[in-house]
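Participant: Below you will find the structure I want to go over with you.
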Protein chains: 2
Amino acid sequence: MNRRARLIHLDDESDEDNNIGRSSAATGPSRSEPTDFNIPVTEDSDPAFRTAQPPKKEPSQYESLDYDVCENVLWRRDQTKIEPKFTVRKDFARWVISFQIGVCTALVACCINIVIEEVSRLKYGFLKQQVDRNVIHGDLSIPYLYWALTNLIPVVIGSTLVAYVEPVAAGSGIPQVKCYLNGVKVPRIVRIKTLAVKAVGVATSVIGGLAGGKEGPMIHSGAVIAAGISQGKSTTFRRDLKVLQYFRDDHEKRDFVVGGAAAGVAAAFGAPIGGTLFSLEEAASFWNQALIWRTFFASIISSFTLNIILSAYHGLSSFRYRGLFNLGEFEPLPFDYFELPIFIVMGVIGGCSGALWNAVNRRLNMFRAHAIRPRWAKVLEAAFVAVIGATFACLMAYTINDCRPLGNDPTEHPVQLFCQDNEYNAAAALWFQTPEATVKALFHDPPGSHKLLTLIVFVAIYYPLSCVTYGLSVSLGIFIPTLLIGAAWGRLSATLIIMAFPATSAFVSPGKYALIGAAAQLGGVVRMTLSLSVIILETTGNIGFILPIILTLMAAKWSGDYFNEGIYDSQIRMSRVPMLPWHVEPEFQQLLARSIMAKPVVCVRVEEKVQYLLDILKNTTHNGFPVVEDGDDGSRVNGRVIGLILRSQLVVILKRSFYQEASRFWESTVNIEAFRDEYPRYPAVGDLHVSEDKLGGHFTVNMSIFMNPSPYSVEEGTSVPRLFQLFRALGLRHLIVVSSENRVRGIITRKDFLKHL
Amino acid sequence: MNRRARLIHLDDESDEDNNIGRSSAATGPSRSEPTDFNIPVTEDSDPAFRTAQPPKKEPSQYESLDYDVCENVLWRRDQTKIEPKFTVRKDFARWVISFQIGVCTALVACCINIVIEEVSRLKYGFLKQQVDRNVIHGDLSIPYLYWALTNLIPVVIGSTLVAYVEPVAAGSGIPQVKCYLNGVKVPRIVRIKTLAVKAVGVATSVIGGLAGGKEGPMIHSGAVIAAGISQGKSTTFRRDLKVLQYFRDDHEKRDFVVGGAAAGVAAAFGAPIGGTLFSLEEAASFWNQALIWRTFFASIISSFTLNIILSAYHGLSSFRYRGLFNLGEFEPLPFDYFELPIFIVMGVIGGCSGALWNAVNRRLNMFRAHAIRPRWAKVLEAAFVAVIGATFACLMAYTINDCRPLGNDPTEHPVQLFCQDNEYNAAAALWFQTPEATVKALFHDPPGSHKLLTLIVFVAIYYPLSCVTYGLSVSLGIFIPTLLIGAAWGRLSATLIIMAFPATSAFVSPGKYALIGAAAQLGGVVRMTLSLSVIILETTGNIGFILPIILTLMAAKWSGDYFNEGIYDSQIRMSRVPMLPWHVEPEFQQLLARSIMAKPVVCVRVEEKVQYLLDILKNTTHNGFPVVEDGDDGSRVNGRVIGLILRSQLVVILKRSFYQEASRFWESTVNIEAFRDEYPRYPAVGDLHVSEDKLGGHFTVNMSIFMNPSPYSVEEGTSVPRLFQLFRALGLRHLIVVSSENRVRGIITRKDFLKHL
């Protein structure tokens, strides 16, 4: 065999190691463009090379999911064994798992909710007591200290957990789930440990009074639960229940995660339809009807279970708790023709304000990624923000004297402060409860419950506070703080309108305008339309009001999109996850496959030496290798494509084969179960203990039963938008580019698109 | 060139000429399996053959849509001319068109609605007058005759229109729209003439008192409007506005039709979200986010416009008419834990009852297709059913003496009949209004508004009546009659429960049970889940009641699916439209491309003689021909695939080329505009006037700038489920099967899947 130099390059991996939600410029000065290395590797290279030279690149943490099922001979054999009964059972199992996903997601949501509710009640009860006792002397330093402390302790606990145990649990988790649905395997994102940290983290953060909500994390929790239940094993607990092995591939797992995310939304907002649509909007390219229905089923079960548990917990005989969060019962909300332009204007304001929020948050997080890198600094930062929150709350309560008669306000702990007896301080009331409760209060308090100044100051404090909070090393969502800001300025707008046109503004109901403001602000920040409309619709329970909501959201999205992208997309971009966009701009029409493909490609023959396989595994970071027939000159270059084999498959073959001494040694131990056992954490190349004598010469591996015999390929003259469509519609990981004679010319992965687009 | 025999076969066409909605065994004894003809065609065959032998098969009416954009050289040239500004303008045009689709759909819906409302008011007012005048003598024959006449005349008008002018306008149109969204071009389905017949037809049928609704046809209307507006030309009116030429291909047109169908649902039910989901469920494989948003936008605009117009028409200052049909304002509908099993049981009953309805309707329509074939017979049949309806209504009103005090019933024309003064006949009230009004009455009438017998007799009459009606040669939907049957038996169930457990049944509200019954029956007949849940949700406007609705629908779907398929799918199957299913059963895993592909394939060279092209166009019914390089033996067989050219392209090239005398004659007249001008009704081969001297010998056509240079192809060993996924996800029409050397082996079209699956 001729000694031949091969070129090794990166395919869909780079060395980015930062996480979404923390992310960004932390990785250092350069976005590392995948570079082509020029390492000459000889086919029968000397052992010194093999041992001395470490792999150039460790596989990065952002790999693609293999949504494309590898239909190799093993898999087909497995399929022939399948009786019709098994097919039915498998399908039934899918429904049962969806049911379990719904139930478990709801259970987790209920636990978090009940803990937060009970502890918050204690906390604010205690604080009110302290205020009432100390206000007599006019000295609020003691309650302030208590407040700061009760904020500080839980936040430090949560923040420490996130920073030290599982950094990927930071933030809302929605961007990570979006990436997963898009087909990117974000490491550790669907592990049980992540779920545990997330659950504890979100409870402590909300109890600690940070400006965040528990709704976003619920979506992430649902996704983790789905991934866990569907696999029948946990790598965290090193348990394998030996069930559901047939669901152990990326395709099946991802379908369940779609359901889990939807169930999470359903639990968080009591919005089963909205949840299904959320999953749909994010993963639309891979949908089919059966999956839609299973996802919908999981959502309904989740919402239903939560409803039963919370209703039972609160001792109600009928269902009232559709979700963790609801906006309370609205009276029918009538609206008039001439209000629609007002709503649109508010939508535009929300869009601009949301865009500003996003821009500031982005800058902050970029700065944070540079400046706050040690773990203790992250914890300290979170602690600092927690205390700041308490400080502003106290200052506002102390300085603004917004006294209202008792009995009007639904707050559980009305604080009197310096007000008369039978009065309470409306400014303090905004702070003396969880943000959820404040949102509801802003929607439902009767007109005139707050002074203009109270609302202005509240927005002025809460807007930057929430902006600083999102990006801390804590588990928190942004739905609630965003709704809160929007509701506050919406209510403010209503007050202003009433002041401006006292005669003609009978139609202005502050609650209605608070709702519109909340929708506008949320739309401006997250920029979803269809799913968000439905979520808000389901949360308010007021279907007649859908038109204003939709108009507001569209106006918010369009005006916001003028400035920048939604917060989740912005986070994903900052973390450099290779997420595929929805479509390719028409400008790229002239770009052809040959101009974006990675080349030359490392190929393997059907019958290949173990030595060569080890070499390519160690010295490249490719995840897939085309299997070729020998070319006309007997080399692998220019061979005709007859299949594709994955790195993970090669690793498993090598790991499971080497203890047999017969020449066709792999047949006995490498079957389809071997691959399922190793999924999803395939061994690293370094862990393969291959004895030297095996490498000597004669041992070969025959790929024919392992390789995917019909990988998707395109001709090198195919246009990029066309390629992209194929890639996205089928959820591909590798797309082989061939000549018109079906000879390998290059290979295209997710990274190759992103490099050029 | 060697004289060589070629084999000609059918690809995605057969000679089926029946329509959906009328359909079925009418086509005669056999489902014509595409047969392979063995006609030896010589390359330079004698002129006698050409002129004497007519084409073996006219292209059938069911062709596939070309959802795959043909990126040939012409198209690329056109793309390079495009400035970024044009891209923005094109995208903006899409939004403007979506807006127009929404507005126009709403306008059409409003017109139909107002006509039906006004004429029905006159009709029932007149009938009541007649009844009141004649009941004194105890003789109801005069009012009966009037009733029969007022049913007969409009129905005959509508039925004549449908039978003689545009048979494709029969039925609800939903199956046809489903087929279109699935990628089948049902002929004449999106023409303006069809819309006109549909609109007049539906108005006359509803006025004529047939058991049908106007909602289904609205969806079809929306689709027609979308197709019309987006193309900027009408073949019916022979007008070409010379605008929007760039939207003249199947891909763009279909995207707009998706929006139109959604706008139709939005107008019909006031359900913009439900409409979007409806389009989504039917066309999920082709979605992307931008399309979702535009579709949603069209739906909102449609719902909004309708709301404004109808509200203005009824003189209201606030919006109350979200759709043509709404179920009226429900009080909040509380429900208890223990009611859920009752709802599920009702769902199962609805599923079974719906399955029975479907089965009977299917049999009836099969019989009808055999027995009632002349057009006059169809009109006669419709007239007969119209009179039967009046007869039963009169009989029921005459015989059942269900007197209730006046003032309780919301009916506009309460008929006294033989009741006391100050009473009205509740049995007659069910018939003395449009079905929509009766549905509302059943939901909202106070408990005890009807005798048990009244409801039983009503269901017993209406169930078979609606079953007979659907399938007549009239434009009518089945939503309303199905809801009506369900509401009646739901109300009946409530009455029975109250009678069975008089002590403990305080929770039973007849309106609630009528709603559940209606949902169950509808779910049992149409078998949609997600979109139907949302439509019902939006129609009732009661979001708190979503859980019971969803449980009922799921129970109905599952129990109905046990017996047969939904009515729309059943209709589509009967009409033999080649609609692709959602997925391929795992049993077909072992089937490979080579076993289902059609072969041998008629190929063309890049430079091909005009004579040969005319021959293949005339003597085959293929719609696509692989373009090949010559094989090793110099023949087209075994050539390497380098492109694909469509029949429509060849026809246009030949039509537009033959008046130039230069040797490269086509360049001057065939450009991308030529193809757009001819779209969508390409000339037939017979209409090409090719002078004999051109066929002599030297004239050739060079395909290189016309052919699609990167058609999708698969290796012959690819499994059928894998193929299918590719086919469905990309909306393909032709998929070339190649050997591992990229030589043509066969071709797969929609029909090839359906032949085997």
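The values are calculated or read from the model by the stated rules, or taken from the named source; none is laboratory data. Everything quoted here is computed from the prediction, not taken from an experiment. We place every Cβ from the backbone using ideal geometry, glycine too, and count neighbours over all the protein chains shown. Accessible surface areas use protein heavy atoms only, side chains included; no ligands, DNA or RNA. Shrake-Rupley method; radii C 1.70, N 1.55, O 1.52, S 1.80 Å.
Participant: Starting from residues that are among the aromatic types (Phe, Trp, Tyr) and open to solvent by less than 70 Å² (accessible area, probe 1.4 Å), keep the ones in the range B:84-121 and report whichever is nearest to B:Gln231 (Cα to Cα).
Facilitator: Checking each candidate, the answer is B:Trp95.
Participant: Same structure, new question: Using the structure shown, decide if A:Ile485 is part of a helix (DSSP H, G or I), within 26 Å of A:Gly173 (Cβ to Cβ) and in contact with a strand residue (DSSP E or B) (Cβ under 8 Å, 6 or more places away or on another chain).
Facilitator: So A:Ile485 fails the test.
Participant: Something else now. Pick from the range A:574-602 the residues that are of a type in the set (S, T, N, Q) and surrounded by fewer than 17 Cβ atoms within 10 Å (Cβ to Cβ): which of them is nearest to the other protein chains (Cβ to nearest Cβ)?
Facilitator: Here the residue is A:Gln590.
Participant: One residue is enough: does the range A:633-644 have a residue meeting the conditions buried (at least 19 other Cβ atoms within 10 Å of the Cβ), in contact with a helix residue (DSSP H, G or I) (Cβ under 8 Å, 6 or more places away or on another chain) and of a type outside the set (Val, Ile, Thr)?
Facilitator: no
Participant: Also, I was wondering about something else. Give the range B:398-413 a look and list any residue that's in contact (Cβ under 8 Å) with a residue 60 or more places away in the chain and not acidic (Asp, Glu), or say none.
Facilitator: Selection gives B:Tyr398, B:His413.
Participant: For the range A:168-177, does any single residue satisfy the condition of being open to solvent by 10 Å² or more (accessible area, probe 1.4 Å) and assigned by the TED database to the domain that holds A:Ile301?
Facilitator: no
Participant: If we scan the range A:504-514, do we find a residue that is crowded, with 21+ Cβ neighbours inside 10 Å, of a type in the set (Ser, Thr, Tyr) and under 28 Å from A:Phe563 (Cα atoms)?
Facilitator: Checked against the condition, which is being crowded, with 21+ Cβ neighbours inside 10 Å, of a type in the set (Ser, Thr, Tyr) and under 28 Å from A:Phe563 (Cα atoms), the range A:504-514 yields at least one hit.
Participant: Would the range A:732-755 turn up any residue that is at the interface with another protein chain (Cβ under 7 Å from one of its Cβ atoms), under 31 Å from the mean Cα position of the chain (by Cα) and open to solvent by less than 10 Å² (accessible area, probe 1.4 Å)?
Facilitator: No, the range A:732-755 has no match at all.
Participant: Hey, can you tell me all the residues within the range A:592-610 that are farther than 30 Å from A:Phe699 by Cα and in contact with a Lys or Arg (Cβ under 6 Å, 6 or more places away or on another chain)?
Facilitator: None - no residue of the range A:592-610 is farther than 30 Å from A:Phe699 by Cα and in contact with a Lys or Arg (Cβ under 6 Å, 6 or more places away or on another chain), so the list stays empty.
Participant: Next question. Only one of these conditions is not met by A:Glu339: (1) in contact (Cβ under 8 Å) with a residue 60 or more places away in the chain; (2) over 30 Å from A:Ala382 (Cβ atoms); (3) within 14 Å of chain B (Cβ to nearest Cβ); (4) buried (at least 23 other Cβ atoms within 10 Å of the Cβ). Which number is it?
Facilitator: All conditions are met except number (4).
Participant: Since A:Leu551 meets every condition but one in (1) under 19 Å from A:Phe330 (Cα atoms); (2) surrounded by fewer than 24 Cβ atoms within 10 Å (Cβ to Cβ), which condition does it not meet?
Facilitator: Of everything listed in (1) under 19 Å from A:Phe330 (Cα atoms); (2) surrounded by fewer than 24 Cβ atoms within 10 Å (Cβ to Cβ), A:Leu551 misses just condition (1).
Participant: With the condition kept exactly as written, say whether any residue in the range A:136-157 is in a loop (DSSP other than H, G, I, E, B), touching a Gly at 6+ places or on another chain (Cβ under 7 Å) and touching a residue at least 12 places away in the same chain (Cβ under 8 Å).
Facilitator: Looking for residues that are in a loop (DSSP other than H, G, I, E, B), touching a Gly at 6+ places or on another chain (Cβ under 7 Å) and touching a residue at least 12 places away in the same chain (Cβ under 8 Å), one finds none in the range A:136-157, hence no.
Participant: Another one. Counting only residues that are within 9 Å of another protein chain (Cβ to nearest Cβ), give me the helices (runs of 4 or more DSSP H) lying completely in the range A:248-314 with at least 3 of them.
Facilitator: A:272-283, A:289-313
Participant: While we're looking at this one, here's another question. Consider A:Val119 against the criteria (1) under 25 Å from A:Leu327 (Cα atoms); (2) out of contact with any Cys (no Cβ under 9 Å at 6 or more places or on another chain); (3) part of a loop (DSSP other than H, G, I, E, B): it satisfies all of them except one. Which criterion is unmet?
Facilitator: (3)
Participant: Checking the structure you have, find out if any residue of the range B:619-626 is modelled with pLDDT of 85 or more and out of contact with any Lys or Arg (no Cβ under 7 Å at 6 or more places or on another chain).
Facilitator: There is at least one residue in the range B:619-626 that is modelled with pLDDT of 85 or more and out of contact with any Lys or Arg (no Cβ under 7 Å at 6 or more places or on another chain).
Participant: Pull up the range A:68-83, narrow it to residues that are crowded, with 19+ Cβ neighbours inside 10 Å and within 29 Å of the chain's Cα centre (by Cα), then point me to the one that is farthest from the other protein chains (Cβ to nearest Cβ).
Facilitator: A:Cys70
Participant: Then there is this: Here are some residues: B:Gly631, B:Gly639. Which one is within 14 Å of chain A (Cβ to nearest Cβ) and at pLDDT below 75?
Facilitator: None of the others qualify; the one that does is B:Gly631.
Participant: A:Gly264: modelled with pLDDT of 85 or more and either open to solvent by 10 Å² or more (accessible area, probe 1.4 Å) or out of contact with any Phe, Trp or Tyr (no Cβ under 6 Å at 6 or more places or on another chain) (or both), yes or no?
Facilitator: yes
Participant: Here's something else I'd like to know. Any chance you could count how many residues in the range B:349-378 are hydrophobic (A, V, I, L, M, F, W, C) and outside any helix (DSSP H, G or I)?
Facilitator: Count: 1.
Participant: Somewhere in the range A:415-422, is a residue in contact with a Ser or Thr (Cβ under 9 Å, 6 or more places away or on another chain) and either more than 22 Å from A:Val119 (Cβ to Cβ) or in contact (Cβ under 8 Å) with a residue 12 or more places away in the chain (or both)?
Facilitator: The answer is no; no qualifying residue exists.
Participant: Next question, about the same structure. How many residues, within the range A:542-567, are within 8 Å of chain B (Cβ to nearest Cβ) and among the charged types (D, E, K, R)?
Facilitator: Result for the range A:542-567: 0.
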